[in-house]
Amino acid sequence: MSAFVIDAFEFCKNDGHREGATPLVEMTRLAAESVEKSGDITWSIQGGKTRHGYPSMTLAVAGHVKLVCQRCLQPLDYEIDSSTMLVLGENDEDADAIEEILDDESIDVIVGSRTCDIRQLLEDEALLALPQSPRHDVCPDTGLLDRLKTDKVSPFAALKNLKTD
């Protein structure tokens, strides 16, 4: 069994803790979003219980990725720094009931597993931390964008010739 596969319920019951760093290239879904595949994502996972006694895991991820700016299409440095609490249910019905009891949008309730691969949870957390549409505050070089704007002929330009006075 992999060192990343845990019994999530036992991990929470025993207040388990793990931390480390994973190369970005090993997080294939996250690496696909990044222009560069170098660097590491540091992470930690802490088991415990909620104040209601439900098993919970707190995941934290941090690292540096290079995304593509959706405005200028140039690389954009982005710092991931995210943390979330996951509460575990035994099955879908249990998870739904816990979610209703907790009634807290900041806490995610998932179905736990006796063979939980924490790499997937950590990569999910890193992906959720990415902006939906990454953009520079001020784009460094707008020359390409400016050329595209000026070279593009308006589809309505031909209508101007049809206009009579």
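The values are calculated or read from the model by the stated rules, or taken from the named source; none is laboratory data. Given the structure is predicted, the values throughout are model-derived calculations rather than measurements. Virtual Cβ from ideal backbone geometry, glycine too; neighbours counted across all protein chains shown. For the accessible areas, the whole protein counts, side chains as well, though only heavy atoms, and no ligand, DNA or RNA atoms are used. Shrake-Rupley method; radii C 1.70, N 1.55, O 1.52, S 1.80 Å.
Restricting to the stretch 109-141, give me the number of residues that are open to solvent by 30 Å² or more (accessible area, probe 1.4 Å) and more than 20 Å from His64 (Cα to Cα).
The number of residues fulfilling the criteria is 7.
In the stretch 99-108, which residues are assigned to a loop (DSSP other than H, G, I, E, B) and exposed (fewer than 12 other Cβ atoms within 10 Å of the Cβ)?
Hits for the stretch 99-108 are Asp103, Glu105, Ser106.
Quick check on the stretch 142-158: of everything there that is loosely packed, with under 12 Cβ neighbours inside 10 Å and polar (S, T, N, Q), which residue is modelled with the lowest pLDDT?
Out of the qualifying residues, it is Thr150.
Is it fair to say Ile118 is β-branched (Val, Ile, Thr) and either within 18 Å of Gly20 (Cβ to Cβ) or within 15 Å of the chain's Cα centre (by Cα) (or both)?
The answer is yes for Ile118.
So, in the stretch 99-117, of the ones that are of a type in the set (A, V, I, L, M) and in contact with a strand residue (DSSP E or B) (Cβ under 6 Å, 6 or more places away or on another chain), which residue ends up modelled with the lowest pLDDT?
Per the criteria, the residue is Ile107.
Looking at the stretch 110-127 only, could you name the residues that are under 18 Å from Glu99 (Cβ atoms) and assigned to a helix (DSSP H, G or I)?
Those that are under 18 Å from Glu99 (Cβ atoms) and assigned to a helix (DSSP H, G or I): Leu121, Asp124.
Of everything in the stretch 34-79 that's basic (Lys, Arg) and touching a residue at least 24 places away in the same chain (Cβ under 8 Å), which residue is most open to solvent (accessible area, probe 1.4 Å)?
Within the stretch 34-79, the match that is most open to solvent (accessible area, probe 1.4 Å) is Lys49.
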